[in-house]
Every structure is written in C-alpha cells, then in structure tokens.
Amino acid sequence: MIVGLMISPTITFGEDTAWQEATIIEPFLEIHTGPGSSYPVFYVAEKGETVSLMKRRVDWYEIRLRNGTEGWAYRHEIEKTLLAAGYRKRWTERIYDKFITRRAALGWSAGTFGGDQALYVRITYTLIDSLALEANGGFASGDLGSTQLYHGGVVVTPWRGEWLTINGTIGGGVTHVSPTSLLVNVESGTFSTAYAGAGITIPLFRNLEGRADVRHFTLFMNTEQTEEFQEYSAGLVFRF
C-alpha cells in the first residue's frame, strides 16, 4: 500500500538531533518493530498523525510518532510521496539510490570443488539487467589438502522469469593449492585459473534469492600442464 505524506519543516528533538516531519494523508501506515518485513507490525498510524524521519537502513526508515512510539516503515510505502512532498535526501541516500539499490548483492554458498567441500562468498554489481560484474572468494578442503580461490568475472542473464532466472558466468583469477604431507613431491603453489559455468536464481523474499551454480575450472599449472575441476554450489544472495 502506498502511503501519502505531507512534509512539514524540520523540528528538533533533544539538543543535537534534527529530524524532518511528515503528516500521513492516506488511511494508515503500518509500523514494524524492526527494519524488515519479518518483523511484526505493532502499530498502525492513522491519517493525520505526524511522524518524524529519524534514519534510514537500506529499504526502511526509522520513524517516531508524536506520542513517542518508534518503529520502522518500509521505504516503498512512503518514498514516492515523500519525494513528491519535497523530502530532501542526504547525499549518502542519493548515492545509495543511484548506485547501490537493487544493483549490489552479497552472497554465500556451499558445495564441492573437485570433490572437496567448499565455501564461497560473492559480491555482485549489476551494470544492466542482463550483465553484472562479480568477485568471489572460496575455500575448499579435502583429505589431500586445501585450496583457496580468488576470482572475478561477468554474469550474463540471457533469460529472466518471474520465478526463475538463468545465468551464465565466465571469468578467471588465481587458485592457491596447499597439499598435505600425505602427498610426496607435490609443492604448494598459486596458479592462474579460468572458469565458465551456468546457474539459476530463484527469488525467495523481498531482497533474498536462492542461487545454484555449476562451473568448470581450468588451472594452468605450467606452460605444458593444466588441471580440470568441476564446482557445484548452492546458497543465498542478499540484494541491497
């Protein structure tokens, strides 16, 4: 539901804190106990009540009512009418909205790399709907040693549906291999790496997605030798 707000001049609560006031002009505004839809609605502000905008956290505004009630309101329920009414965003909010909102994502996943158990962290930045940049780091461990992976590349989205998105990935980086003492005459080393793969993304909640990937890695051990590895992973992605 879109909630209309009429902006009043900035007022001050306490000695050093100034917040901007807004008057609710739609029937009601749901106020949550925390900055997320998973937090329960504990108060419903009615038309004509005045709220003060205290701070913003991602897609949520912390607000205070004249009666002292404090809580969180979802950005998309108030922002259009805030802007129409003349709400002035801070420079940090303007940068966030222009360069970060729905563009940056942070993900965690688990799976296997060459048969070893692996964990990954990924940071993705969307350039356009069908193209994104991605940096990822991972760690794999098995009976014969451990592997550290540091890679970057591009994510291409050839098809996007309401409940399923298909992605292609390609990139490269370095892989550091540390064999255990069980392997004789095998030294640790850092090797150039290239990869290509495919995956799917499924929306779960408002800013949360599920992601699964299959990638094929080529490690360039030296000018004459390469090693091939398969990676399978699945995890969660939080989109800012």
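For a quick check: with amide H placed at 1.01 Å from N, whose amide H comes under 5 Å from TRP60's, ignoring anything fewer than 5 positions away on the same chain?
Distant-sequence amide H within range of TRP60: ARG75.
If Lys and Arg each add +1 and Asp and Glu each add -1, what is the summed charge of the other residues whose beta carbon sits under 10 Å from the beta carbon of LEU53?
+1
Work out from phi, with θ = phi - 60° and the Karplus expression 6.51 cos²θ - 1.76 cosθ + 1.60, the ³J(HN,Hα) of each residue of the stretch 95-104, listed in order in whole Hz, and give x for Gly and Pro.
Listing the rounded values in order: 5, 4, 5, 7, 10, 10, 3, 6, 10, 8 Hz.
Can you work out ³J(HN,Hα) from phi for every residue in the stretch 41-58, in order, using Karplus 6.51 cos²θ - 1.76 cosθ + 1.60 and θ = phi - 60°, giving whole Hz and x for Gly and Pro?
For the stretch 41-58, the Karplus curve yields 7, 10, 8, 10, 7, 9, 4, x, 6, 9, 10, 10, 7, 8, 6, 10, 10, 6 Hz.
Go ahead and run the numbers for FRET between VAL156 and VAL41, Cβ-Cβ distance against an R0 of 45 Å, rounding to 0.05.
My answer for the efficiency is 0.65.
Given the protein chains as shown and a 1.4 Å probe, how many square angstrom of LYS47 are accessible, to the nearest 10?
The accessible area of LYS47 comes to roughly 140 Å².
Determine the sum of side-chain charges near GLN230: Lys and Arg each +1, Asp and Glu each -1, restricted to other residues whose C-beta is under 15 angstrom from that of GLN230.
-4
Please give me the summed charge of the neighbours of ILE170: other residues whose Cβ is under 15 Å from its Cβ, Lys and Arg +1, Asp and Glu -1.
So the environment of ILE170 carries a net charge of -1.
The values are calculated or read from the model by the stated rules, or taken from the named source; none is laboratory data. Quick caveat, the model's predicted, so the values are computed rather than measured. Heads up, the Cβs are rebuilt from the backbone with ideal geometry, glycines too, and the neighbour counts pull from every protein chain shown. All accessible areas refer to the heavy atoms of the entire protein, side chains included, with ligands and DNA or RNA removed. Shrake-Rupley method; radii C 1.70, N 1.55, O 1.52, S 1.80 Å.
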